[in-house]
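Engineer: Shown below is the structure under consideration.
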Amino acid sequence: MNQQPTKTYTVEEAKRKLEAYCAYQDRCHKEVREKLIQMRMIPDAVDAIMYHLLQHKFLDEERFARSFARGKFRHKKWGKNRIKQELKQREIGTYLINKAFTEIPEEEYRNTFDALAQKRFDQLTEKDKYKKRKKLADYLMYRGWPGDWVYEKAKALIP
């Protein structure tokens, strides 16, 4: 068993590496902490580096939550339920989640839902209308759209 020695970092090296990591894209505290632990930093060093990143604006939970919500909505067409679930997994608080939702205009949210539902409906080849309705509803629910909207739209598209 020939094992590679794991790289060790000084606090300064780790700071520079994490600055680049955070500058590349917004990160949440949990991701950064996990990265530092993966780099085998001791708890005191982790705290010092986290503090440094916060002081120098490399880390900002609100900025992360806002860009995460904006990105997942615009690019992946996720609904608010899915975005909220994913942010909670990243240990983002309810207050910041609600602030992040201000990045999604209500009219654009509804229009995106309608367009996504129509696009998925057009892709479905299922002949049985009940199975087709279920497939459409499952798809939209998985993406985190409101249940009442989903069932209303499924019934409207597949009478």
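Engineer: Of all residues in the range 117-159, count the ones that are small (Gly, Ala, Ser) and over 12 Å from Gly79 (Cβ atoms). Break it down stepwise before answering.
Structural biologist: Here is the first cut: in the range 117-159, the residues small (Gly, Ala, Ser) are 117, 137, 144, 147, 154, 156.
Checking which are over 12 Å from Gly79 (Cβ atoms) leaves us with 137, 154, 156.
Of the residues in the range 117-159, 3 are small (Gly, Ala, Ser) and over 12 Å from Gly79 (Cβ atoms).
Engineer: Turning to a different aspect of this structure: Looking at (1) at pLDDT 95 or above; (2) under 24 Å from Tyr21 (Cβ atoms), which is the one condition that is false for Met141?
Structural biologist: The number of the failed condition is (2).
Engineer: Got a sec? Which of Leu36, Leu18, Leu87, Leu53 is closer than 30 Å to Trp149 by Cβ, of a type in the set (A, V, I, L, M, F, W, C) and part of a helix (DSSP H, G or I)?
Structural biologist: Values: Leu36 fails: closer than 30 Å to Trp149 by Cβ; Leu18 fails: closer than 30 Å to Trp149 by Cβ; Leu53 fails: closer than 30 Å to Trp149 by Cβ.
Checking each option against the conditions leaves just Leu87.
Engineer: Those residues that are among the acidic types (Asp, Glu) and in contact with a helix residue (DSSP H, G or I) (Cβ under 8 Å, 6 or more places away or on another chain), I need them from the range 79-117; list them, please.
Structural biologist: Filtering the range 79-117 down to residues among the acidic types (Asp, Glu) leaves 86, 91, 103, 106-108, 114.
Result: Glu86, Glu91, Glu103, Asp114.
Engineer: Hey, His56 hits all of (1) surrounded by 12 or more Cβ atoms within 10 Å (Cβ to Cβ); (2) touching a helix residue (DSSP H, G or I) at 6+ places or on another chain (Cβ under 8 Å) but one; which does it fall short on?
Structural biologist: Status for His56: all satisfied but (1).
Engineer: Determine which single condition Ala65 fails, assuming it passes every other condition in (1) under 16 Å from the mean Cα position of the chain (by Cα); (2) modelled with pLDDT under 95; (3) small (Gly, Ala, Ser).
Structural biologist: Only one criterion in (1) under 16 Å from the mean Cα position of the chain (by Cα); (2) modelled with pLDDT under 95; (3) small (Gly, Ala, Ser) is unmet by Ala65, namely (2).
Engineer: Another question about this same structure. Which of (1) of a type outside the set (Ser, Thr, Tyr); (2) in contact (Cβ under 8 Å) with a residue 12 or more places away in the chain; (3) under 30 Å from Ala115 (Cβ atoms) is the odd one out, the single condition Asn98 does not satisfy?
Structural biologist: If we test Asn98 against (1) of a type outside the set (Ser, Thr, Tyr); (2) in contact (Cβ under 8 Å) with a residue 12 or more places away in the chain; (3) under 30 Å from Ala115 (Cβ atoms), just (2) comes out false.
Engineer: Out of Leu116, Leu36, which single residue is of a type outside the set (Lys, Arg), surrounded by 13 or more Cβ atoms within 10 Å (Cβ to Cβ) and at pLDDT 95 or above? Please lay out each step first, then the result.
Structural biologist: Numbers: Leu36 fails: at pLDDT 95 or above.
Sole residue among the options that is of a type outside the set (Lys, Arg), surrounded by 13 or more Cβ atoms within 10 Å (Cβ to Cβ) and at pLDDT 95 or above: Leu116.
Engineer: Turning to a different aspect of this structure: Evaluate the range 62-82: report whether one residue or more is over 26 Å from Trp145 (Cβ atoms) and either touching a Lys or Arg at 6+ places or on another chain (Cβ under 7 Å) or surrounded by 13 or more Cβ atoms within 10 Å (Cβ to Cβ) (or both). Please lay out each step first, then the result.
Structural biologist: Of the residues in the range 62-82, the ones over 26 Å from Trp145 (Cβ atoms) are none.
No.
The values are calculated or read from the model by the stated rules, or taken from the named source; none is laboratory data. Since we're looking at a predicted model, the values are computed, not measured. Note that we place each Cβ from the backbone using ideal geometry, even for glycine, and neighbour counts take in every protein chain shown.
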